[in-house]
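Coordinate-derived values only; no laboratory data. Remember, it's a predicted structure, so these values are computed and weren't measured experimentally. Methodologically, a virtual Cβ is constructed for each residue, glycine included, from the backbone with ideal geometry; neighbour enumeration extends over all protein chains shown.
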Amino acid sequence: MPFKARKAVFNKLEEIVDIASLSKADRMKYDESIKIYRDNLAIMAFERNQGREEERLEIARKMKALGIAEETIVLATGLTAEEVAQL
């Protein structure tokens with residue numbers, strides 16, 4: 001195992017030991033902070049996906065306004081034929 005990989009393993013072990021040695025109150029605070037962090041990551045991922053979906057719809061609207069065939073819009077945007085037809 002390369003030195004860099006071994007160092008990463010030992011750093012992870014040190015982190016685990018640090019967490020395991022926390023008092024009950026500190027462990028609860030730590031767990032709560034991890035939960036908040038993961039919730040925030042999930043929210044950001046959801047919002048990013050929403051933004052991408054809105055952008056795909058906007059691009060499809062513009063393509064449709066330019067008279068581009070719906071089949072081409074479906075291929076270009078990844079939207080379904082029904083979604084494109086509803087625009």
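What to note about this one:
- Principal-axis tilt of helix 24-65 within the chain, Cα atoms, nearest 10 degrees: 10
- Ordered by the count of other Cβ atoms within 10 Å of each Cβ, fewest first, Met63, Met28 give Met28, Met63.
- Counting only alpha carbon atoms, the long axis of helix 3-20 and the longest principal axis of the chain meet at about 70°.
- Charge dipole (Cα centre; +1 on Lys/Arg Cβ, -1 on Asp/Glu Cβ; no other charges) of the stretch 23-85 amounts to roughly 360 debye.
- Listed by Cβ neighbour count within 10 Å, with the fewest neighbours leading, Ile59, Ile34 appear as Ile34, Ile59.
- When the charge dipole of the stretch 23-85 is built from unit charges on Cβ atoms (+1 for Lys and Arg, -1 for Asp and Glu) and taken about the Cα centre, the candidate among Ser23, Val74, Ser33 whose Cα reaches farthest toward its positive end is Ser23.
- The stretch 23-85 - percent relative contact order, Cα under 8 Å, separation 6 or more: 22
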